[in-house]
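*Asks:* Could you have a look at this structure, given as structure tokens, before my questions?
The values are calculated or read from the model by the stated rules, or taken from the named source; none is laboratory data. Please read all numbers here as calculations on a predicted model, not as lab measurements. Neighbour counts are summed over all protein chains in view; Cβ atoms, including those assigned to glycine, are modelled from backbone coordinates with ideal geometry. These area figures cover heavy atoms from the full protein model, side chains too; ligands, DNA and RNA do not enter into them. Shrake-Rupley method; radii C 1.70, N 1.55, O 1.52, S 1.80 Å.
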Amino acid sequence: MVNSVKRAFAILTLLGIKGRMTLSQLCRELKIPKSTAFSILETLEHEQAVAREEETGMYTLGIRLLELGQEAQQNFELRRVASPILQQLNREIDETVHLTVLDNDVVLYVDCYESSKRLRTYSVIGVRAPLYCTAVGKAILAFLDYDEQMRIINRMQFQQFTPNTITDRDALLRNLEEVRQRGYSVDDIEHEEGVRCVGAPIYNNKGRVCASLSISGPASRITTERIEDFGQKAISTAQEISRRLGYRNTAVHAR
């Protein structure tokens, strides 16, 4: 175990119980040297996990913890709601189904149900992947608010994974417009050789895209002729998850 991490959690836990404490009080309660505690608190303050009152010098829990708590709660609720629906889709088509959320400028895989076939894509829960060359990524990116979408795109560092990978801004923008028009996204062997995926956006009760799902498998099974069928299945599944999350307009969004 990493002692500094353990001590950071001990500080956060104690602040959660006490509410407000000085450096000296924290050191006395936790039996931590003042220099060590100050160093940890300085890092936590920089990350907005704690805040320091200028007038009193007392520390409190920071806004970032509230944000993280809300994100954790939303992701837990998303997985709880989506799980039986994704399992049903997985049983119906027997291809691997993924669930992802936006994590800064990438997607984070949070759930997966694998195909039973020997040749299949495997679980990548906890893995992060680019937005511009994955079906799950493009499904989220295409339906974000325009300003947020452009901020993310302008920060992108494109990397070529396969000969089909989109590697420039204009090509990505054209692809995202196609996604908005048809309602689902396609990873046409853009991220992994031999793998094709289709994805669709999931909306929360505030009407914002909050996640995405994908159907993925070998390009030999998810052929170009079957993309439309898989795309419609992805849309209808995403719509049902969105509805159960409290979203009231399951029409495809387009700008």
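*Asks:* Read phi for every residue in region 39-56 and hand back ³J(HN,Hα) as whole Hz from Karplus 6.51 cos²θ - 1.76 cosθ + 1.60, θ = phi - 60°, with x for Gly and Pro.
*Replies:* 4, 5, 5, 5, 5, 4, 5, 4, 8, 6, 7, 10, 10, 10, 6, 4, 6, 9
*Asks:* Between residue 170 and residue 205, what is the label-to-label distance in nm when each label sits 7 Å out along the Cα-to-Cβ direction?
*Replies:* With each label point 7 Å from Cα toward Cβ, the separation is 4.5 nm.
*Asks:* Next up: Find the relative contact order for region 130-170 and round it to a whole percent, using C-alpha pairs within less than 8 Å whose residues are 6+ positions apart.
*Replies:* Relative contact order, region 130-170: 31 percent.
*Asks:* Can you list the residues, at least 5 places off or on another chain, whose amide H is less than 5 Å from the amide H of residue 62, using H built in the peptide plane?
*Replies:* For residue 62, the qualifying residues are 50, 51.
*Asks:* Among the lysines in the chain, how many pairs, 8 or more places apart or on different chains, have alpha carbons under 23 Å apart?
*Replies:* Taking the Cα cut-off of 23 Å, the pair count is 8.
*Asks:* Between region 27-49 and region 66-135, what's the alpha-carbon centroid distance in Å?
*Replies:* Answer, in whole Å: 36.
*Asks:* While we're looking at this one, here's another question. Give the long-range amide H neighbours of residue 103: residues separated by 5 or more places, or on another chain, with amide H under 5 Å away, using H modelled in the peptide plane at 1.01 Å from N.
*Replies:* Amide H neighbours of residue 103: 108.
*Asks:* With unit charges on the beta carbons (Lys and Arg positive, Asp and Glu negative) and the dipole taken about the Cα centre of region 126-255, which residue among 205, 143, 176 sits farthest to the positive side?
*Replies:* Going by the Cα projections, it comes out as 205.
*Asks:* Here is a follow-up. So if R0 is 51 Å, what FRET efficiency would residue 236 and residue 47 give, r being the distance between their Cβ atoms, rounded to the nearest 0.05?
*Replies:* Efficiency, from the Cβ-Cβ distance: 0.80.
*Asks:* Calculate what fraction, in whole %, of the accessible area of region 1-91 sits on carbon and sulfur atoms when a 1.4 Å probe is rolled over the protein chains.
*Replies:* C and S atoms contribute 53 percent here.
*Asks:* Between helix 169-182 and the chain, what is the angle of the helix's C-alpha long axis to the longest principal axis, kept within 0 to 90° and rounded to the nearest 10?
*Replies:* 70
*Asks:* Over the chain, with the other protein chains present, what is the accessible area per residue in square angstrom, probe 1.4 angstrom?
*Replies:* That works out to 53 Å² for each residue.
*Asks:* So what J values fall out for region 99-105 if you push phi through Karplus, 6.51 cos²θ - 1.76 cosθ + 1.60 with θ = phi - 60°, rounded to Hz, Gly and Pro as x?
*Replies:* With the stated coefficients, region 99-105 comes to 10, 9, 10, 6, 10, 6, 10 Hz.
*Asks:* At R0 = 41 Å, how high is the FRET efficiency between residue 56 and residue 148 if r is their beta carbon distance? Nearest 0.05 is fine.
*Replies:* Taking R0 as 41 Å, the efficiency between residue 56 and residue 148 is 0.65.
*Asks:* Please compute the modelled spin-label separation between residue 120 and residue 6, points set 7 Å along Cα→Cβ, answer in nm with one decimal.
*Replies:* In this crude label model, residue 6 to residue 120 measures out at 4.0 nm.
*Asks:* Roughly to the nearest percent, how much of the accessible area of region 177-255 is carbon and sulfur, given a 1.4 Å probe?
*Replies:* Using a 1.4 Å probe with all protein chains present, region 177-255 comes out at 45 percent carbon and sulfur.
*Asks:* In whole Hz, what ³J(HN,Hα) sequence does region 185-194 give by Karplus (6.51, -1.76, 1.60; θ = phi - 60°), x for Gly and Pro?
*Replies:* Result, rounded to whole Hz: 10, 9, 9, 8, 6, 9, 10, 9, 4, x.
*Asks:* Radius of gyration and Dmax for region 26-73's Cα atoms, expressed in Å?
*Replies:* 12.1, 35
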